[in-house]
Amino acid sequence: MSAVKPHRVLLTQGAEQDIEAIYDYIAEYDDPSNADYVLDQLMAAADNLAVMPERGSYPKELLSLGIREYRQTSFKPYRLIYRVVDNDIIVYIVADGRRDMQALLERRLLGSA
């Protein structure tokens, strides 16, 4: 029996910009060392998807629309919204879950569909 091949985790340009904005905000308004820590944790959360992407839950904002192709994982208040496509994990959004996630998901995921 062979070991499960890990998925490849890819960040969209939007997700990369999200991470940059989160980092910059924390570095400016809190502390650069905290920004480094949050960045490390967000990247670890993304990397962990390579092994078991199915463990992520469905975003409730999309479930209410009957959409089950996206999943989420999180670190602190931040949510990573992703989709499994063949052997790739594509992270579309990294956002503070305290934001208006319904509007953000509709704009970023459904507006580009």
Run the 1.4 Å probe and let me know the accessible area of Met101, rounded to the nearest 10 Å².
10 Å²
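Can you pull the percent of the chain's accessible area that's carbon plus sulfur, 1.4 Å probe, other chains left in place?
50 percent
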Heavy atoms of Asp24 accessible to a 1.4 Å probe, total area in Å² rounded to 10
90 Å²
Using alpha carbon centroids, what distance separates region 55-113 and region 1-54, in Å?
14 Å
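For the chain, what is the calculated [θ] at 222 nm in deg cm²/dmol (nearest 500), taking -39500 (n - 2.57) for each run of four or more DSSP H residues and dividing by its residue count? Can you show the working numbers first?
Values: 4 runs with 43 residues, N = 113.
Value at 222 nm, helices only: -11500 deg cm²/dmol.
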Accessible area per residue, Å², region 24-104 with all protein chains present, probe 1.4 Å:
55 Å²
Of Glu54, Glu69, Glu28, the one that fluctuates the most in a GNM where the chain has Cα springs shorter than 10 Å:
Glu28
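The values are calculated or read from the model by the stated rules, or taken from the named source; none is laboratory data. This is a predicted model, so every value here is computed, not measured. Ligands, DNA and RNA are stripped out before the accessible areas are found, and what is left, the full protein with its side chains, is counted by its heavy atoms. Shrake-Rupley method; radii C 1.70, N 1.55, O 1.52, S 1.80 Å.
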